[in-house]
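What follows is a short report on a single structure.
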Amino acid sequence: MTLKCLLVDDEPLAIKLLENHIAKIDSLEVVATCNSAIKAFEKLNTKKIDILFLDIKMPHLTGIDFLKTLKNPPKTILTTAYRDYATESYDLEVIDYLLKPITFERFLKAVDKLLRNYKPSNSITEVQKPINEFIFIKSGNKHHKVFINDILYIESLKDYIKLHLIHKKRIVAKYKISDIEQELKSKDFLRVHRSYLINKEKITAFSTHNIEIETVEVPIGVSYRDEVTSFLATFKR
């Protein structure tokens, strides 16, 4: 059994150290890393995570506050340079509390404790349910939680994108459409034009040159026509 690990820390060197430690243990595998609790939300919602290595002192949202927001968190080992949080962390039933700099011997002790008592929990599976998958999109000075299923289509505006959501909501963010395309590639989104990325599940009608989503007609670009036509052919009878 190989346990999937998520590393969350705003210090690149701390991430690297944990990666080096984990590489020495066959039963552990790093599947994702991120530098903030906000990004960790998305990772937990889109990947199977068995063990969370979580830094406490991070900007915007501390590791402990983040852990309190999770209804069914994975097994968690806290990492920090501060002793002050020890009592509070154990109230959250974490596996262990590692003080930086983390030696391999101390790391191994924590992992041994986890493996000896490890039992797969339903909570990990529940976190992965795609029904409420979401991403965080930064617009201005805020990070907006956007549920994947609420996105109708995404429009490119040069160096920005506009997310068109259900209930006529809109979010404009400084983002390249090619980057958001990669993020949503496995989520049933299709690039139909250099300026448009659509949610396949929101298609209400289509023709040779356009795809209709609710009352909006999105054009099919010439360079995307073959792929789009091939996809649309699956609906034809």
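The values are calculated or read from the model by the stated rules, or taken from the named source; none is laboratory data. Remember, it's a predicted structure, so these values are computed and weren't measured experimentally. Here Cβ is always computed from backbone atoms with ideal geometry, including for glycine, and neighbour counts include all displayed protein chains. Accessible surface is based on the protein model in full, side chains and every heavy atom, while ligands, DNA and RNA are left aside. Shrake-Rupley method; radii C 1.70, N 1.55, O 1.52, S 1.80 Å.
Below are the figures for this structure:
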{"quantity": "Members of segment 149-175 found to be farther than 18 Å from LEU190 by Cα, outside any strand (DSSP E or B) and not charged (D, E, K, R), listed by number", "calculated": "HIS167"}
{"quantity": "Lone qualifier among LYS109, LYS142, LYS113 - being under 25 Å from LEU78 (Cα atoms) and modelled with pLDDT under 90", "calculated": "LYS113"}
{"quantity": "In segment 176-211, the residues that are open to solvent by 60 Å² or more (accessible area, probe 1.4 Å) and either under 13 Å from ILE135 (Cβ atoms) or in a strand (DSSP E or B) (or both)", "calculated": "ASP179, GLN182, GLU183, LYS185, SER186, THR204, PHE206"}
{"quantity": "Positions within segment 212-225 being open to solvent by less than 60 Å² (accessible area, probe 1.4 Å) and assigned to a helix (DSSP H, G or I), in sequence order", "calculated": "TYR224"}
{"quantity": "Residue list for segment 89-106, restricted to those being modelled with pLDDT under 90 and surrounded by fewer than 16 Cβ atoms within 10 Å (Cβ to Cβ)", "calculated": "TYR90, ASP91, LEU92, GLU93"}
{"quantity": "Selection from segment 203-225 of residues that are over 21 Å from SER178 (Cα atoms) and touching a residue at least 60 places away in the same chain (Cβ under 8 Å)", "calculated": "GLU214, VAL216"}
{"quantity": "Residue match in segment 165-182 (condition: out of contact with any Cys (no Cβ under 8 Å at 6 or more places or on another chain) and either farther than 28 Å from LYS39 by Cα or in contact (Cβ under 8 Å) with a residue 40 or more places away in the chain (or both))", "calculated": "no"}
{"quantity": "Any hit, segment 56-77, residues being touching an Asp or Glu at 6+ places or on another chain (Cβ under 7 Å), open to solvent by 20 Å² or more (accessible area, probe 1.4 Å) and of a type in the set (Ser, Thr, Tyr)", "calculated": "no"}
{"quantity": "Those helices (runs of 4 or more DSSP H) lying entirely in segment 1-114 with at least 2 residues in contact (Cβ under 8 Å) with a residue 12 or more places away in the chain and over 25 Å from LYS187 (Cα atoms)", "calculated": "12-23, 63-69, 86-91"}
{"quantity": "Criterion (out of contact with any helix residue (DSSP H, G or I) (no Cβ under 7 Å at 6 or more places or on another chain), assigned to a strand (DSSP E or B), open to solvent by less than 40 Å² (accessible area, probe 1.4 Å) and without any contact (Cβ under 8 Å) to a residue 40 or more places away in the chain) met by exactly one of VAL146, VAL228", "calculated": "VAL146"}
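For (1) at pLDDT 95 or above; (2) farther than 15 Å from ILE77 by Cβ, each residue gets a yes or a no:
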| residue | (1), (2) |
| --- | --- |
| GLU19 | yes, no |
| LEU28 | no, no |
| THR33 | yes, no |
| THR46 | no, yes |
| ASP50 | no, no |
